[in-house]
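Q: Dropping a structure here in structure tokens format, bear with me for questions.
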Amino acid sequence: MLKLNNIAKTFYLNENIKDPKHALKSINLHLKEGDFVTVIGANGSGKSTLLNIIAGSLSVDEGELFLNNIKLNKLKNFERSRFIGRVFQDPKSGSIAEMLVEENLFLASKRGKKTSLRWGIRKAQRLEFQALLASLNLDLENRLHDRMSHLSGGERQAITLLMALMNDPLLLLLDEHTAALDPKTAKVVMDLTNKLVKENKVTTLMVTHNMNDAIKYGNRLIMMAEGEIIFTSEGKEKENLTIEQLIKKFQEKTGNDLPDSLILNK
Ligand SMILES: Nc1ncnc2c1ncn2[C@@H]1O[C@H](COP(=O)(O)OP(=O)(O)OP(=O)(O)O)[C@@H](O)[C@H]1O
Ligand SMILES: [Mg+2]
């Protein structure tokens, strides 16, 4: 359903174009409907660039992208947002702090739609929002009239996830969305993510620095290094992967040790 064919992206770090950074080098990646793919790799290996290119916040230099046979290359960021939900690392980035929880949910429900932004949340819609919040099991169902800024980071990420899934996107992109949370909250949000991805049967790409999560969740894992996919594993093989095997694979493919930032994050 998602096809990336020979995607390349180079950044020119300064005016001296002799110093290019090849953030993505001819990436080929095909996802099937319902795939839940975890993405790991060292800092700067191109994980966020990959997600930014799929979402359209960055343009590609080379290659073609298709989502259910819709060619994405020519669609702008906001046009893709109808099909693609996103959650970022920073709990503050997914919602508007000064607005109420229900106003944020309302805005999300309008995302990518052509209808004008008429304010006024109907009673039926408010009940819908309340039911959605109740489904999180985080005691948020009575917080519709709270400002978003009054919620904790974990609560905000949980609501951002709901918002990202609100219009039944074809694809969900998660970029280290639990990395800014304390370990206990990160686990709550990760379990919730798994539940929502499965219930919504949404094809998902999840970048994580947590190797245990990368192994535990999803049906497929990809490892990136220096702008390339250097290892991929799926199905039964992935279920039986160990952190030691991943460390060894990285070593074999790159000749370097896996950075501590990944290893320590068990
Ligand atoms: N907008 C940009 N301008 C210039 N260079 C960029 C830009 N975005 C990314 N890069 C560079 O491209 C490379 C890949 O960056 P990217 O953010 O994709 O890495 P990452 O795998 O997400 O890393 P991290 O784990 O630290 O989030 C890095 O060297 C980065 O400095
Ligand atoms: Mg990143």
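Any read-out appearing in this document is the output of simple, stated calculations on the displayed coordinates, not a laboratory observation. Remember, it's a predicted structure, so these values are computed and weren't measured experimentally. A quick note on method: Cβ atoms are made from the backbone with ideal geometry, for glycine too, and the neighbour counts reach across all protein chains shown.
Q: Quick one: which residue in Val207, Val202 is β-branched (Val, Ile, Thr) and away from ligand 1 (no atom under 16 Å from the Cβ)?
A: When all the criteria are applied, what remains is Val202.
Q: Can you tell me which residue within the stretch 217-252, out of those that are surrounded by 14 or more Cβ atoms within 10 Å (Cβ to Cβ) and among the basic types (Lys, Arg), is farthest from Leu4 (Cα to Cα)?
A: Per the stated criteria, the residue is Lys249.
Q: Still on this model: Check the stretch 99-108 and report whether any residue there is free of Cβ contacts under 8 Å to residues at least 60 places away in the same chain and within 27 Å of Asp35 (Cβ to Cβ).
A: Within the stretch 99-108, one or more residues are free of Cβ contacts under 8 Å to residues at least 60 places away in the same chain and within 27 Å of Asp35 (Cβ to Cβ).
Q: Do you know which of the residues in the stretch 44-70 that are away from ligand 2 (no atom under 16 Å from the Cβ) and β-branched (Val, Ile, Thr) is nearest to Val207 (Cα to Cα)?
A: Once the filter is applied, the top-ranked residue is Val60.
Q: Quick check: is even one residue across the stretch 173-190 among the small types (Gly, Ala, Ser) and surrounded by 21 or more Cβ atoms within 10 Å (Cβ to Cβ)?
A: So far as the stretch 173-190 goes, no, none of its residues is among the small types (Gly, Ala, Ser) and surrounded by 21 or more Cβ atoms within 10 Å (Cβ to Cβ).
Q: Tell me which of these Ala214 doesn't satisfy, since it passes every other one: (1) surrounded by fewer than 17 Cβ atoms within 10 Å (Cβ to Cβ); (2) of a type in the set (A, V, I, L, M, F, W, C); (3) under 14 Å from Thr38 (Cα atoms).
A: (1)
Q: Here's a follow-up. Can you work out which of the residues in the stretch 156-213 that are hydroxyl-bearing (Ser, Thr, Tyr) and outside any helix (DSSP H, G or I) is nearest to Ala97 (Cα to Cα)?
A: Among those that are hydroxyl-bearing (Ser, Thr, Tyr) and outside any helix (DSSP H, G or I), it is Thr178.
Q: Of the residues Ser81, Ser48, which single one is under 22 Å from Leu165 (Cβ atoms), of a type in the set (Gly, Ala, Ser) and away from ligand 1 (no atom under 12 Å from the Cβ)?
A: When all the criteria are applied, what remains is Ser81.
Q: Under the condition of being surrounded by fewer than 18 Cβ atoms within 10 Å (Cβ to Cβ) and on the phi > 0 side of the Ramachandran plot, which residue from the stretch 18-43 is nearest to ligand 2 (Cβ to nearest atom)?
A: Filtering first and then ranking leaves Ser26.
Q: Test Ser57 against the stated conditions and say whether it is crowded, with 21+ Cβ neighbours inside 10 Å and either touching a residue at least 24 places away in the same chain (Cβ under 8 Å) or in contact with a helix residue (DSSP H, G or I) (Cβ under 7 Å, 6 or more places away or on another chain) (or both).
A: Against the criterion (crowded, with 21+ Cβ neighbours inside 10 Å and either touching a residue at least 24 places away in the same chain (Cβ under 8 Å) or in contact with a helix residue (DSSP H, G or I) (Cβ under 7 Å, 6 or more places away or on another chain) (or both)), Ser57 does not qualify.
Q: Looking for something touching a helix residue (DSSP H, G or I) at 6+ places or on another chain (Cβ under 8 Å), within 16 Å of ligand 2 (Cβ to nearest atom) and touching a residue at least 24 places away in the same chain (Cβ under 8 Å) - is there at least one such residue anywhere in the stretch 182-190?
A: No, the stretch 182-190 contains no residue that is touching a helix residue (DSSP H, G or I) at 6+ places or on another chain (Cβ under 8 Å), within 16 Å of ligand 2 (Cβ to nearest atom) and touching a residue at least 24 places away in the same chain (Cβ under 8 Å).
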